[in-house]
1. Where Lys and Arg each count +1 and Asp and Glu each count -1, what net charge lies around Asp398 among other residues with Cβ under 13 Å from its Cβ?
2. Going by amide H atoms built from the backbone, whose H comes under 5 Å of the H on Asp186, apart from near neighbours?
3. Rounded to two decimals, what is Rg over Rh for the range 273-399 when you use alpha-carbon atoms and the Kirkwood radius?
4. What number, in percent, do you get for the relative contact order of the range 273-399 if the mean sequence gap of Cα pairs under 8 Å and at least 6 apart is divided by its residue count?
5. Quick one: 3J(HN,Hα) in Hz for the range 407-413, Karplus 6.51/-1.76/1.60 with θ = phi - 60°, rounded, Gly and Pro as x.
6. Under a 5 Å amide H to amide H cut-off, with H placed in plane at 1.01 Å, what residues pair with Lys161 once short-range neighbours are removed?
7. Apply the Karplus curve 6.51 cos²θ - 1.76 cosθ + 1.60, θ = phi - 60°, to the phi angles in the range 305-310 and return the couplings in whole Hz, x for Gly and Pro.
8. So who's got an amide H within less than 5 Å of the one on Met125, skipping anything under 5 residues away but keeping other chains? H placed 1.01 Å off N, in plane.
Amino acid sequence: MPNILKAVIDLFTYKPPQKFKAEEYSQDQSQSSENAEGNDSQENTSEEIDWQKILRQADDQQTRENNQVSGSAANTSKQAKDGAASTGRPAVVIRRRNRQKKGAGQGSQGAGIDERDIALIKNGMVAPNIAVNIEYVKQKFSVPKNQDIVIREFNVAKRIKAFLVFVDGMMDKTVINQFVLPQLMDTANFKDFSQEDILDYIIRNVISIYQVSRIKEYSKIIPQILNGVTALFIDGCNEALLIESRGFEKRSIEAPRTENVIRGPQEGFTENLRTNLSLLRKIIKSEKLITEILPVGNKNRINCALVYLDDTADPELVKEVKRRIRNIKYDFVESSGMLEQLLEDNPFMLFPQVISTERPDRAASFIMEGQVVIVCEGSPFVIAVPVTFFHLLHSSEDTMLRWQYGMFIRLTRFLGVLIASLVPGLWMALVQFHSEMIPTPLLLSILKMREAVPFPVVVEVLLMEVAFELIREGGIRVPGLIGQTLGIIGALILGQAAVAAGLVSPILIIIVAITGIGNFVIPNYSLAMAIRIIRFFFIFMGAVLGFYGISVGLTILLALTCSMKSFGVPFLAPFTPKTRRSSDLIVRKPLYKQPVTGNYLDTVSRRSGLYHKRGE
C-alpha cells in the first residue's frame with residue numbers, strides 16, 4: 001500500500017530530468033555570441049562557417065605541398081651532386097637548374113593566402129587560392145561526413161591545380177569521364193595556351209560541353225551543384241566554371257493518370273523540369289514562347305519555370321506572378337500542390353484559384369489563351385493562372401470532338417455540379433418541410449419505405465454520405481485493382497445491408513448514388529473536392545430551414561464566388577463583371593468561329609485594370 005501511494009504522489013509531482021535546459025542553452029549561446037570578435041564574426045557564426053578553421057587548414061595544406069616540393073628538389077640536388085661526382089660535371093650548374101625547378105613548382109601553386117583571399121571567401125566569393133576554396137567547399141557540404149558529395153582534385157595540363165565538385169547520383173558520369181577530366185588533363189589541349197585567361201580558353205577550346213558558365217558567387221554555385229551541375233575550380237582564378245552534367249534517373253513519359261481522354265494525345269508530364277518544358281516546346285513552336293526559371297524556397301530551393309507567350313500574356317500578370325513567387329518565405333516547397341497554396345489570392349476560399357493539369361496539350365492551350373503556366377521541378381502537375389469557374393469544368397477533350405458533342409458533354413458536367421451539390425439538401429428540405437410538393441402516390445411510397453427506419457432524415461442522409469465518402473477515400477488509397485473492387489463491392493454490399501437492416505430507406509441509396517456519380521463527372525479534382533464539402537453545407541441548410549435555407553445558401557455561395565479573384569481576374573468572368581463574352585464557355589461554336597488567342601481574360605485585365613497585388 002505505501003508503494004502505491006508513493007507511486008501516485010510521484011505521478012503528480014513528476015519532474016523531467018534536468019539534463020537539458022533550453023533557457024540555459026540559449027543564455028550560453030547568447031554569451032558566446034557576445035564574446036565573438038566583432039560584428040563580422042557574429043554574422044559568420046550565424047552562417048555556421050568557421051573561417052579560422054578554413055584558413056588554418058588551407059595554410060597547412062599549402063605548407064605541406066611546399067615542403068613536398070622543396071624536399072623533392074633537395075633530393076634531386078643530392079642526386080645531381082652524386083651524378084656530377086661520377087660524371088665530372090660541375091655541380092653548380094645542376095644546383096642552378098634545381099633552383100629553377102623549385103621556383104617553377106612554387107609558381108605553379110599560386111601565391112600564398114593573403115588578405116584578398118580572406119576578404120573574398122568571407123563575402124561568399126570564389127578566392128584565387130585553391131586551397132581556401134577546397135576547405136570552404138568541404139565545410140559547406142560537411143565533407144567527409146557527407147559521403148555523396150564528390151571533390152575530385154587533379155592538375156590541369158599536369159601543372160595547374162584544380163578540383164571538381166558534384167553530387168554523386170545526380171550527374172552523368174559519362175560527361176565527366178569522357179568530356180571533362182580527359183580534356184583538362186591532356187597537355188596537348190593546352191599547347192596554344194598563352195596564360196591570358198585560362199577559363200575562357202577552357203570554355204572555347206578544351207571542354208566539349210554545350211553549356212558552361214562562369215560564376216563568382218558561392219550563393220549561385222552551391223544551388224547549382226545541388227541540382228546536378230558540376231563546378232570546376234582552378235588555382236589562381238576567382239571564378240568557377242559550372243558545367244552542365246545533370247543526368248539523374250527519371251521516369252519516362254507515360255499517359256496521364258488523372259485526366260483520361262478518348263481522343264487526344266496520350267502524353268503526360270513527368271517529374272523532370274527539362275522534360276516538361278520540352279513537351280511544351282514540342283507543341284508550341286513559336287519564338288515568342290518565353291521560359292523563365294525562378295528558385296522557390298528558403299532552405300530547400302527548387303526551380304520553377306514560368307512559361308508564357310510574350311505577345312499574348314498580359315505583362316502585368318507576368319509581373320504579379322514573379323512577385324508572388326519571389327515573396328514566398330517557406331522553407332520547403334515540395335511540389336506544385338504546395339506552390340499553389342502559396343500563390344492563391346485568398347487561402348480561405350473553398351474553390352481553387354489556380355488550375356492544375358498533367359496534360360501538355362491542355363497546358364499549351366492555356367498558354368495560347370494568354371495565361372501563365374508554372375512548371376515546378378519534381379511534380380508531374382503544372383499550374384496555370386489566372387483561372388475562372390468555367391476553366392475548371394472544361395476538359396482537353398472538348399476541342400478534340402465536334403462542337404455538338406463537346407457542348408453536350410459540357411452541359412452534362414454543369415448538370416453534374418448541380419446534382420452533386422444540391423440533391424441531398426433538396427431531398428432533406430422536401431421530406432421535412434415541403435412534403436406537400438411531392439405527388440401523393442410518391443409520398444405514400446416514401447412514407448412506407450421509411451416506416452422501419454429508426455433515424456430522422458438528417459441522420460439517415462449524413463450516415464450514408466459519410467459512408468460513401470469513406471468508401472471513396474478507401475478506394476483511392478488501396479493500391480491497384482483492389483481499390484476499384486473495394487469501391488464497387490463496398491458500395492453495393494453496404495447499401496444493400498443498410499436497407500435490409502432498416503437503417504436507411506431504399507430511395508436514399510438512389511439519391512446518394514446519383515450524387516456520387518454527379519461528382520465523378522467533374523473533370524477537376526480540386527473543384528470536385530469543393531463540391532463535396534459544399535454538399536454538406538446544403539444538407540445542413542435544408543435540414544434547418546428547408547427551401548429557404550437552400551435559397552440562403554445559394555445566395556451566400558453566389559456572393560462568395562462573385563467576390564473571388566484569381567490573380568485579379570474575377571472568378572465568374574466574363575459574366576460578372578460583364579465583358580466581351582467568349583464563345584467557348586458553356587455553349588460551344590464551331591472551331592472556325594472561335595478565336596484561338598486574345599480571350600476575355602486579356603480584355604478584363606486591360607479594360608478594368610483588375611490585376612492587383614495580393615492583399616489590396
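1. Its environment carries a net charge of +4.
2. Residues meeting the criterion, in which the H sits 1.01 Å from N, are Ala157.
3. 0.93
4. 29
5. Running phi through 6.51 cos²θ - 1.76 cosθ + 1.60 with θ = phi - 60° gives 5, 4, 5, 5, 4, 5, 5 Hz.
6. Val156, Asp235
7. Each residue of the range 305-310 in turn: 10, 9, 10, 7, 8, 5 Hz.
8. Tyr218
Quick note: the coordinates plus some simple rules give every number you see, no bench work behind them. Computed from a predicted model, the values in this text were never measured in an experiment. Heads up, the Cβs are rebuilt from the backbone with ideal geometry, glycines too, and the neighbour counts pull from every protein chain shown.
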